[in-house]
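A short write-up of the structure that comes next.
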Amino acid sequence: MSNIRFIYTFAIGIFLLNAGNIHAQQWLKDSTTLDKDSTAMSLELDEFIVYGSPLMREVIPVQKLSGEQLKNLSAFSVADAIRYFSGVQLKDYGGIGGLKTVNVRSMGTHHVGVFYDGIQLGNAQNGQIDLGKFSLENIEEVSLYNGQKSNIFQPGKDFGSSATVYLRSRTPRFKEGKNHNLKATVKGGAFDLINPSLLYEYKINDNLSASINGEFINSSGKYKYRYKRVHPHTHEVMYDTTATRYNGDIYSSRLEAGLFGSIPQGSWRVKSYFYDSERGIPGAIVNNKWKNSQRQWDRSFFTQGVFQKTLAPKYDLLVNAKYAYDHMRYLNPDTTLMLIDNTFDQKEAYVSAANRYSITNKWDAVLSVDFQYNTLTSDLDGFVFPKRLTSLVALASAADLGKVKMQGSILATFVRERINSGNTTADNSVKAAPDKKEFTPALFLSYKPFKNHQFNLRAFYKHIFRMPTFNDLYYTDIGNTHLKPEYTHQYNLGFQYDKEFSNGFVKRWHLQADAYYNEVTDKIIAVPKGSGQYRWMMINLGYVEIRGIDMTASLLSEPVKDLFLDIKLNYTYQKAQDFTLRESPILEETTFGGQIPYIPWHSGSVIFNIDYKSWQLNYSFIYVGERYHSSANISEEYEQPWYTNDMTVVKKLRYKSMDFRVSAEINNIFNQDYEVVLNYPMPKRNYKLALTLEL
């Protein structure tokens, strides 16, 4: 069935793109308003100037937070900001240092690609990116795409995820007559937080600039919480205790440095990133155990470069390269079960070349070729030191036919793995996972029915997969080298309507909505191995169907002079059902067709911002409806809805050549007790103050 669907979709894509070429050529002949210099047009691609024909930007729905709206959110990390996007579920294990991972449209964390300044952040070990590690202090924009972004002039990796999160860090900009910028910020507040940061940007000459940014975080992570449990049948209160959350401390430092250059008909950028942290893992509250002693150390480094240039009037080249090293140590000194003290070291080398050719002013073709090499070593007993070489070839095309815009792509992925018996006690019977070869298509359409209205209809289909992680395949005693990739099929139909007003107090409003259906097949899950319930194995058994609706609306108005109101609302409905077959008839009866764990039927958010001269007030609200913490949708697994209300007040001041920004924020205004993940209580009401100086 999947092969038939693939051939059918790809054939339609080729037909439409060729038809688009004929239509586009005729449209160009008939047009009397076409600018003859349109081939010299330029646009921004992740802060780069791309010379050549304009690329399509409206085909694929996107959600963005940037500028002042991002600054004013009651958000400490990237994970906090992403909560305000529709279709997103965030797993938050509590506190400043707690693990935070994102899940988009219920397809799973592993299907979300996270890109930092245009290059993907990798974790071959477990496939999860902890977004709590990435501060907003140096981030200009956070954007979320379902499927992939509309700009097809991109590396092959950008085609390889079901959803993508793009983090764009600050790029140096200088006012006329200035050759340097300085920004210093200090934050403090609840959890004994101390968080200073410093940014310095220097203009070396008109074509070259540099920046360096450093940040330090120190927090005890302690906070009060209420732990209450009620019997699901008798409604008798079993626990009702107020306690303090311990072992959530974090000590971290981050340092980034970059060079930014421009050349004739092109630009380049080189960035290095270093992160070092030690943090406690407070753990789950179970069996009356209120304190945990696990610790984790992380040290991450990467250096990456991007080069883009127009080599000929119709030909552009984009080259990306990266080297990354990640070290992690996990310690559980509790000897009640077993002392655990293990280290893991990952290395990654990556290079990509994307080639774009403008067939006509309205039709582009792109060929991207990527190579990525990953290794993982550990002192874990029996570990087999896996190595993975991944090759990707993406062929994509985009056509603009006036009212109709379309994109089609096909991604070929080739994976080769090898292992070594790194430890003397390694199981020599373990073999490397077999080589894999996958071809995955995508097709995107956008239709603008009215010439004078910014109203668009869009639809897309995408078939993609995620590779089993090194942990899935090789983790001692539970890995399974026979695992297949985990596949997704995505179907989306939606619209977007934008309108701007030259008169009246309403300046602009925006509305978009999407209905979608997703399938996740060959889902990788852990099941008991044999009769022993303490031995597990990873297998391809899971099957999930997701039906949902995402809606976003925003409004910008000026009711009186200098007073601006900016309102943004998001709503998500999801029915994400687990149709995994299980061996036990009783378990099958209780779980088959149940809502998958932690996915609410209803969720939403509101961001309300008031801007009056030098004052700003931002109010935000997040709601997550009822859900279950397992696929057995029974009363014992039920989780109450939760919501938070946050507020930030900002005052801007100027003294001589110095700009000051003072902000005060209060989170969880109504002091709600809630849990995002079962037995991981979240903080009650808390505060934060920040002072920023810019020169």
The range 320-365, subset among the hydrophobic types (A, V, I, L, M, F, W, C) and closer than 20 Å to residue 380 by Cβ, residue nearest to the chain's Cα centre (by Cα): 328
Search result, residues across the range 205-218 that are assigned to a strand (DSSP E or B) and touching a residue at least 24 places away in the same chain (Cβ under 8 Å): 208, 209, 210, 211, 212, 213, 214, 215, 216, 217, 218
Leading residue by the ranking (surrounded by the fewest Cβ atoms within 10 Å (Cβ to Cβ)) among those in the range 356-393 that are closer than 20 Å to residue 157 by Cβ and of a type in the set (Phe, Trp, Tyr): 371
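Residue by residue, here is whether (1) without any contact (Cβ under 8 Å) to a residue 60 or more places away in the chain; (2) small (Gly, Ala, Ser) holds:
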{"site": "326", "(1), (2)": "no, no"}
{"site": "333", "(1), (2)": "yes, no"}
{"site": "339", "(1), (2)": "yes, no"}
{"site": "354", "(1), (2)": "no, yes"}
{"site": "357", "(1), (2)": "yes, no"}
{"site": "360", "(1), (2)": "no, no"}
{"site": "369", "(1), (2)": "no, no"}
{"site": "383", "(1), (2)": "no, no"}
{"site": "387", "(1), (2)": "yes, no"}
Some residue of the range 213-221 being within 30 Å of residue 638 (Cα to Cα) and over 17 Å from the mean Cα position of the chain (by Cα): yes
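Give the residue, chosen from 499, 523, 462, that is in a strand (DSSP E or B), in contact (Cβ under 8 Å) with a residue 40 or more places away in the chain and more than 22 Å from residue 599 (Cβ to Cβ).
On inspection, the qualifying residue turns out to be 499.
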Residue within the range 465-479 that is surrounded by fewer than 13 Cβ atoms within 10 Å (Cβ to Cβ), charged (D, E, K, R) and farther than 27 Å from residue 60 by Cβ present: yes
Answer residue from the range 219-273, given it is assigned to a strand (DSSP E or B), of a type in the set (Val, Ile, Thr) and out of contact with any Lys or Arg (no Cβ under 8 Å at 6 or more places or on another chain) and is nearest to residue 189 (Cα to Cα) among those: 230
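Here's the yes/no breakdown for (1) at negative phi; (2) surrounded by fewer than 16 Cβ atoms within 10 Å (Cβ to Cβ); (3) modelled with pLDDT of 90 or more; (4) of a type in the set (Val, Ile, Thr):
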residue: 523; (1), (2), (3), (4): yes, no, no, no
residue: 526; (1), (2), (3), (4): yes, yes, no, no
residue: 540; (1), (2), (3), (4): yes, no, no, no
residue: 568; (1), (2), (3), (4): yes, no, yes, no
residue: 581; (1), (2), (3), (4): yes, yes, no, no
residue: 591; (1), (2), (3), (4): yes, no, no, yes
residue: 599; (1), (2), (3), (4): yes, no, yes, yes
residue: 603; (1), (2), (3), (4): yes, no, yes, no
residue: 609; (1), (2), (3), (4): yes, no, yes, no
Count of the range 328-382 residues which are in contact with a Leu (Cβ under 6 Å, 6 or more places away or on another chain) and closer than 30 Å to residue 314 by Cα: 4
Residue count for the range 460-492, restricted to those that are modelled with pLDDT of 90 or more, more than 22 Å from residue 391 (Cβ to Cβ) and over 22 Å from the mean Cα position of the chain (by Cα): 0
Count of residues meeting criterion [closer than 20 Å to residue 280 by Cα, polar (S, T, N, Q) and touching a Pro at 6+ places or on another chain (Cβ under 8 Å)] in the range 328-376: 0
Residue 174 being closer than 30 Å to residue 666 by Cβ, not small (Gly, Ala, Ser) and not in a strand (DSSP E or B): no
Residue within the range 618-636 that is touching a residue at least 60 places away in the same chain (Cβ under 8 Å), among the small types (Gly, Ala, Ser) and buried (at least 16 other Cβ atoms within 10 Å of the Cβ) present: yes
Options 664, 690; residue that is in a strand (DSSP E or B), within 28 Å of residue 199 (Cα to Cα) and without any contact (Cβ under 8 Å) to a residue 40 or more places away in the chain: 664
Count of residues meeting criterion [touching a Gly at 6+ places or on another chain (Cβ under 9 Å), assigned to a strand (DSSP E or B) and within 28 Å of residue 286 (Cα to Cα)] in the range 667-687: 6
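Okay, residues lined up against (1) of a type in the set (Phe, Trp, Tyr); (2) farther than 22 Å from residue 290 by Cα; (3) at pLDDT 95 or above; (4) touching a Leu at 6+ places or on another chain (Cβ under 9 Å):
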| site | (1), (2), (3), (4) |
| --- | --- |
| 659 | no, yes, no, yes |
| 667 | no, yes, no, no |
| 674 | yes, no, no, no |
| 678 | no, no, no, no |
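The values are calculated or read from the model by the stated rules, or taken from the named source; none is laboratory data. Treat the numbers as computed from the prediction; the structure is a model and nothing was measured. Note that we place each Cβ from the backbone using ideal geometry, even for glycine, and neighbour counts take in every protein chain shown.
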